[in-house]
Amino acid sequence: MKKILILAASMLAAAACAAPPTNREATTGSSTNRAAETKASAPLTEADAIAKERQVWDAIKSKDYEAFGNMLTDDFISVASDGVYDKAGTINGVKAFEPSEVTFSDWKFLPIDKDAGIIIYSATVKGKVNGKDMPPSSMHAGSAWVNRNGKWLAIYHQDAEVAKVPPPTPANKSVKAPASPASTPAGPPSTSSDPVANEKLVWETLKSKNFDAFAALLAPEAIEVEASGIFDKAGSVKGVQPFDFSKAEVSDFKSVKLDDDAALVTYLLTMPGAKPEKERHTTIWASRDGKWLALFHHGTPAAPPMAKASPTPLAKVPTSTPAKPAATKSPAN
């Protein structure tokens, strides 16, 4: 129960963790995102992104759900421990969450292109869920903002409760990446504008321990957000090397187009025997000099859905993907 309350403290993902029975989960499959035409608008800056993220929290604190909804795109999704939620589900769910005090730190801004950007940060939250006090929660979070007809709106949010203990490490801390199998092509994998296909390539490199190819799929400025911390490209590449991903499975893909040069994919990762066995992962892919690269990755340990008071059927997004060992590095990013 404590974990559920802690996760409920997340800004946008509160929909998944404390949602009322009427909450809706996002539908499966590729999003129909009708990426609206973008009108000329000043590029998003770090200061702008921080201010907008704070405005979202302020709207939730003041229970101004209309203002909250007006800051989200129609194809907005929030990725929480127990599911992937659409805009309506997020707005309904967040009504059960009453933050009283939010402390932010470690802001990082990652530009995607002229029409999209990512803001990453840590937050400690105090408040109530369903009228009951929740223990203070700390999280690592990330949100993507896009230009829609000249207005900057949030299209995605995800967070992960900060791990209470350091992630497990191999006995030999100086483990080096094994040489790529002789049968592995020397060149980096070929990517496209299809984020699902790209993500599957990432897992192929991890299963074959071809860490050079894995690194080639990440943008130089790539950032990864996990319960165990926030990592740059070098940290991500180093973090995956000690683990065996041969039995990893990825499933329940859902993609959302940010603009012509960027798209995200969210899915379930399952790692038999790991604790937890399942994690929800999201990667934002962006075009860089004609090649699609993983720019941002976020992992959240999966939790079973909360019991619903109503038997109303829900259109669920894949919740059956393998997850890596607790707090291990996620693959793309």
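Residue by residue through region 207-224, what is 3J(HN,Hα) from phi via Karplus (6.51 cos²θ - 1.76 cosθ + 1.60, θ = phi - 60°)? Round to whole Hz and write x for glycine and proline.
Each residue's phi maps through the Karplus curve to give 5, 8, 6, 8, 6, 5, 5, 4, 4, 5, 8, 9, 5, x, 9, 4, 10, 10 Hz.
Starting from the Cα of Ser208, step 7 Å along the direction of its Cβ; do the same at Ala163; then give the gap between the two resulting points in nm.
2.8
Determine the gain in length on full extension of the stretch Phe109-Ser193; use 0.36 nm per residue of separation and subtract their C-alpha separation, reporting nm with one decimal.
Full extension of this stretch gives 27.9 nm more.
Work out how much length Lys247 to Ala47 would gain on full extension: take 0.36 nm times their residue separation and subtract the Cα-Cα distance, in nm to one decimal.
Length difference between fully extended and current span is 67.8 nm.
For region 85-140 and region 193-229, what is the separation of their Cα centres, given in Å?
Spelled out, the Cα-based centre of one part sits 26 Å from the other.
Hey, got the dipole for region 72-128? About the Cα centre, +1 on K and R Cβ, -1 on D and E Cβ, debye to the nearest 20? It would help to have the intermediate numbers written out before the result.
Numbers: 6 positive and 9 negative charges, 47 e Å.
Approximately 220 debye in magnitude.
Going by how many other beta carbons lie within 10 Å of each one, how would you line up Tyr156, Tyr121, fewest first? If you can, show how the numbers build up before the last one.
Numbers: Tyr156 27, Tyr121 22.
The most exposed by this proxy come first: Tyr121, Tyr156.
Distance cut-off 23 Å, Cα to Cα: go down the list Lys209/Lys257; Lys61/Lys132; Lys87/Lys275 and report the pairs above it. Don't skip to the end; give the middle numbers.
Details: Lys209/Lys257 30 Å; Lys61/Lys132 15 Å; Lys87/Lys275 30 Å.
Going by Cα-Cα distance, Lys209/Lys257; Lys87/Lys275 fall outside the 23 Å limit.
Every number in this text was worked out from the coordinates using simple rules, so none of it is lab data. In this text the structure is predicted, and so the values were computed from the model without any measurement. Reconstructed Cβ throughout: ideal geometry from the backbone, glycine too, with neighbour counts over all protein chains shown.
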